[in-house]
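Quick note: the coordinates plus some simple rules give every number you see, no bench work behind them. None of the values given here were measured: they were computed from a predicted structure. Positions of Cβ are generated from backbone atoms using ideal geometry, with glycine treated the same way; all protein chains shown enter the neighbour counts.
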Amino acid sequence: QVQLVESGGGLVQAGGSLRLSCAASGRTFSRFAMAWFRQAPGKEREFVAAISWSDDPYYADSMKARFTISRDNAKNTVYLQMNSLKAEDTAVYYCAADHAVGRRFVEYDYWGQGIQVTVSS
């Protein structure tokens, strides 16, 4: 089992930045691919970014220029740096983990509880 806990969400003005963190515990963190998804009210959960166990990043095209995913295996933590935030980035952001990296939420077995990010315009 892997337990994931997100932090760093909150309210920010449009154009601002936030850094989300996801702390993992349980199994060997360095062997897991990690990802961020988000879900806005009334919408499906969508892929934001992922990072493989070998540190290769993957991004949704619409977020590639503004978001950066990284991991610190010594701290069992994955981060999502979000810059130039827009009102449409408002959503619950979820951290996910699995043995292989993917872009679909069905590919991930382990999930955090989610954290709210609200961008005011």
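List of remarks:
- Considering only Cα atoms, the convex hull volume of the stretch 17-109 works out to 92 Å³ per residue.
- If only the Cβ of Lys and Arg carry +1 and only the Cβ of Asp and Glu carry -1, the dipole of the chain around its Cα centre is close to 120 debye.
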